[in-house]
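Written out below as structure tokens is the structure these notes cover.
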Amino acid sequence: MVKRISNQETSRLLAEIGEYLEMEGIPFKPRAYEKAAQAVGELDKGVSEIYEAGGLKALEGIPGIGASIAKKIEELLQTGRLKYYDELKKKVPVDLSGLRKIEGLGPKSIKKLYEELGIKTIADLEKAARAGKIAKLEHFGAKSEENILKGLDFLKKATGRLLLGAVLPKARLIEKRLGELKEVERIALAGSLRRRKETIGDLDVLVVSKKPKPVMDFFVSMPEVVHISAHGETKSAVKLESGLDVDLRVVPAESYGAALNYFTGSKDHNVTLREMAMAKGWKLNEYGLFKGNKQIAGKTEEELYAALGMDYIEPEMRENTGEIKAAKKHKLPKLIGYGDLLGDLQIQTDWTDGADSIEAYAQAAIQRRHKYIAITDHTKRLAMTGGLDEKKIRKQWAEIDQVQKKIGPKLKILKGTECDILKDGSLDLDDETLSQLDVVGVAVHSHFDLPREEQTRRIIRAIKNPNVDILFHPTGRLIGKREAYDLDMDAIIKAAKETGAVLEIDAMPDRLDLKDEYIRKCVAAGVKLAIDTDAHSIPHLDFLEYGIAQARRGWAQKSDVVNTRPLEAFLKLLKK
DNA sequence: GCCGTTTTCGGCCCGACTGTTTTCAGTCG
């Protein structure tokens with residue numbers, strides 16, 4: 001019988017083995033374990049499921065896992081233990097994952113601290129540092145000790161990764177300020193932010209300047225900087241009071257494209273590009289693409305990709321999930337653009353839990369050049385929001401008609417709903433009412449913990465209702481707060497294909513539901529998508545950008561998204 | 001330990017910064 005060991009736990013053990021091997025100074029193996037740990041962490045199926053279905057061979061089929069690590073995973077799944085790990089751990093029995101959270105502490109330092117001072121935990125570390133014991137160690141000093149104490153301090157306040165929606169506005173502010181300096185010729189935001197990942201670990205800013213010193217000095221003295229971890233001519237790094245780590249790199253103009261590419265990542269994408277360069281006998285680094293000592297590309301990213309024999313790859317696709325192969329074959333999709341949406345299809349007003357009135361939203365939508373919006377308040381089962389029943393929603397229609405008359409033809413206000421999906425998959429408004437609405441969205445707001453089959457059946461029953469147009473926030477996850485409910489998304493996507501239901505990409509920064517992998521599945525299956533803000537107040541209307549970013553990360557094109565269509569064409573696309 | 005249009009052996013990304021050194025090891029991305 002196979003033990004139920006989670007991917008997360010398996011990944012952690014493999015990563016720790018890598019770190020222990022690093023301590024021993026063993027070359028290459030640490031990378032292999034690190035890669036394997038990452039591979040397991042990114043699997044969309046459980047390792048135990050994979051092993052049960054296909055045995056050792058199936059484990060070896062995972063890229064980054066070979067015969068040796070597959071056997072170790074097998075041992076872990078069968079016995080619940082991993083002898084190799086236990087033996088390594090016996091030599092340096094420390095809380096590795098805890099201590100590694102201190103910036104600047106790597107495996108070698110941790111080993112030394114254990115051997116010299118017996119430090120096993122964060123608490124031991126703090127005690128030793130406060131007692132001044134670390135400064136006295138060989139190869140450590142007063143500065144190292146101070147940095148450890150600072151690191152401990154930050155750890156106590158640490159927030160982990162931040163939401164894209166929280167980081168992007170701050171990043172743009174930094175970009176604007178630095179961009180205004182006369183020494184700055186060009187500036188770009190790189191890193192996972194440029195790839196528009198859902199969460200951001202740290203921010204990379206790239207600058208072209210012939211006089212970097214004043215730029216660096218300005219950067220490290222910005223008011224929100226609480227800690228400076230590096231301050232050099234080409235690289236500086238700071239921590240902001242929000243907990244965000246920001247790196248600033250200065251590069252020469254002729255290396256701008258190569259540096260932008262390098263610091264945008266992803267790491268896997270870059271490594272593959274480097275390997276391609278090497279295969280041609282060239283060298284690729286952050287300064288350019290080189291044939292011997294001669295730079296043959298790198299001033300722009302476009303030039304770089306062209307020199308490597310492929311089409312330009314949008315940052316949102318650079319995850320090494322097939323985009324390089326597609327770019328070589330000139331088969332990349334033309335992604336939906338940031339200006340391609342004509343309307344917003346999920347808005348909560350002050351009729352339920354939204355903050356603003358229908359008219360205020362309408363005016364705000366006109367300012368944002370929307371052509372149409374759908375008003376989609378909650379329904380009666382969500383009593384705490386004052387959800388609408390069949391009678392009350394008809395009153396709302398009257399108000400919509402009134403506002404429509406007042407604002408004229410600049411914006412079409414569609415009558416919609418975010419109708420509750422009840423436990424058995426039936427809906428919270430009668431069919432007579434649903435049939436009169438322009439846009440029927442349905443969503444799960446209760447019974448999140450139903451078994452997978454039942455939850456899946458429930459949602460499929462709901463979208464099979466012929467009045468239903470869109471499934472809102474299909475998986476219900478809240479990033480960093482709540483897991484998605486247990487669902488068979490393949491079955492949902494298949495049902496959506498059959499019924500013509502549209503799946504929503506909810507642009508709310510802590511939802512971004514669907515995630516990229518499911519968007520790609522929808523695109524492949526020909527299931528249409530809607531990108532909506534789920535606005536609960538007027539400022540939320542600006543979140544569409546995050547939804548578009550998510551769609552781009554899922555390789556969606558303009559034609560995959562229903563609300564890129566003009567009103568008439570959009571309404572025709574809906575089921576009825 | 002993994003991997004393969006350099007394919008079953010022999011490579012494995014590599015440069016910047018810091019802190020401790022006095023030429024470099026460790027860490028990071």
Checklist entry - Over region A:162-251, what percent of the accessible surface lies on carbon and sulfur atoms, probe 1.4 Å? => result 51 percent
Checklist entry - Tell me, in nm to one decimal, what length is gained between A:T234 and A:S68 on full extension, where the rule is 0.36 nm per residue of separation less the Cα-Cα distance? => result 55.6 nm
Next on the checklist: For a quick check of your reading of the filter: which trypsin sites (Lys or Arg not before Pro) in region A:138-186 sit in a DSSP loop and have no more than 13 other Cβ atoms within 10 Å?
Outcome noted: A:K182
Checklist outcome for this item: Between A:R31 and A:K494, Cβ-based FRET efficiency (R0 41 Å, step 0.05) works out to 0.55
Checklist outcome for this item: For the pair A:H139 and A:Q78, the simple spin-label estimate (label points 7 Å beyond Cα toward Cβ) gives in nm 3.9 nm
Checklist entry - Taking the Cα-to-Cβ direction at A:Q557 and at A:K464 and moving 7 Å from each Cα, how far apart do the two end points lie in nm? => result 3.2 nm
Item to check | Compactness of region A:487-539 - radius of gyration and Dmax, Cα, Å | outcome: 11.9, 36
Checklist entry - Karplus couplings for region A:32-41 from phi (6.51 cos²θ - 1.76 cosθ + 1.60, θ = phi - 60°), rounded to Hz, Gly and Pro as x? => result 4, 5, 4, 5, 5, 4, 5, 4, 5, x
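Provide the percentage of antiparallel DSSP beta bridges, counting only those with both residues in chain A; round to the nearest 5.
Numbers: 27 of 57 bridges.
Of all bridge pairs located within chain A, approximately 45 percent are antiparallel.
How many percent of all Cα-Cα pairs in region A:343-573 sit more than 34 Å apart?
On the way: 1849 of 26565 pairs.
Considering region A:343-573, 7 percent of its Cα-Cα pairs are separated by more than 34 Å.
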Checklist entry - A:S68: accessible area at probe 1.4 Å, nearest 10 Å²? => result 70 Å²
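Tell me the per residue accessible area of region A:343-573 using a 1.4 Å probe; a whole number in Å² is fine. Intermediate results must be reported in sequence, preceding the final value.
On the way: 8980 Å² over 231 residues.
For region A:343-573, the per-residue accessible area is 39 Å².
Over 14 Å, how big is the tail of the calculated P(r) for region A:98-158, in percent of all Cα pairs? Intermediate results must be reported in sequence, preceding the final value.
Values: 878 of 1830 pairs.
Result for the distance tail: 48 percent.
Using a 1.4 Å probe over the heavy atoms of the protein chains, calculate the carbon and sulfur portion of the accessible area of region A:12-122 as a whole percent. Could you put the intermediate results ahead of the total?
Values: 2960 of 5640 Å².
The nonpolar share, carbon plus sulfur, comes to 52 percent.
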Next on the checklist: I need the chymotrypsin sites (Phe, Trp or Tyr not before Pro) found in region A:1-66, filtered to DSSP loop residues with at most 12 other beta carbons within 10 Å of theirs.
Outcome noted: A:F28
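Can you give the convex hull volume per residue for the Cα atoms of region A:450-552, as a whole number of Å³? Walk me through the numbers on the way to the answer.
Details: hull volume 10.0 nm³, N = 103.
It comes to 97 Å³ per residue, whole-number rounded.
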Checklist entry - Once both axes come from the Cα atoms, what is the angle between helix A:267-279 and the longest principal axis of chain A, in degrees from 0 to 90, rounded to 10? => result 60 degrees
Item to check | Exposure of A:K464 as accessible area (Å², to 10), given a probe of 1.4 Å and all protein chains | outcome: 120 Å²
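Looking at region A:162-251, what % of its DSSP beta bridges pair antiparallel, to the nearest 5? Please report the intermediate quantities before stating the final value.
Numbers: 17 of 24 bridges.
Roughly 70 percent of the DSSP beta bridges within region A:162-251 come out antiparallel.
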Checklist outcome for this item: One quarter of the C-alpha convex hull surface, i.e. the mean projected area of region A:255-328 in nm², amounts to 4.0 nm²
Checklist outcome for this item: Taking the alpha-carbon centre of each part, the distance from region A:36-89 to region A:502-576 in Å is 36 Å
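What per residue convex hull volume, in Å³, do the alpha-carbon atoms of chain A yield?
Values: hull volume 104.2 nm³, N = 576.
In chain A, the Cα hull volume divided by residue count equals 181 Å³.
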Item to check | When the convex hull of its Cα atoms is projected in every direction, mean area for region A:140-266 (nm²) | outcome: 8.1 nm²
Checklist outcome for this item: The value for region A:1-91 (convex hull of the alpha-carbon atoms, volume per residue, Å³) is 76 Å³
Item to check | Where labels lie 7 Å past Cα in the beta-carbon direction, separation of A:S6 and A:A383 in nm | outcome: 3.4 nm
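Mind checking the full-extension length gain between A:A524 and A:D340? Use 0.36 nm per residue of separation minus the Cα-Cα distance, one decimal, nm. Numbers along the way, then the final one.
On the way: separation 184, 0.36 × 184 = 66.24 nm, distance 2.05 nm.
In short, 64.2 nm is gained.
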Next on the checklist: How tilted is helix A:107-117 with respect to the longest principal axis of chain A? Cα atoms for both, answer in degrees (0 to 90, nearest 10).
Outcome noted: 60 degrees
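Express as a percent, rounded to the nearest 5, the fraction of DSSP beta bridges in region A:343-573 (both residues included) that run antiparallel.
Values: 3 of 26 bridges.
So the antiparallel bridges amount to about 10 percent of the total.
The values are calculated or read from the model by the stated rules, or taken from the named source; none is laboratory data. Owing to the predicted nature of the structure, the values given are computational and were not obtained by experimental measurement. For neighbour counting, all protein chains shown are included, and Cβ atoms are generated from backbone atoms with ideal geometry for every residue, glycine included. Calculation scope for accessible area: heavy atoms of the full protein, side chains included, ligands and nucleic acids excluded. Shrake-Rupley method; radii C 1.70, N 1.55, O 1.52, S 1.80 Å.
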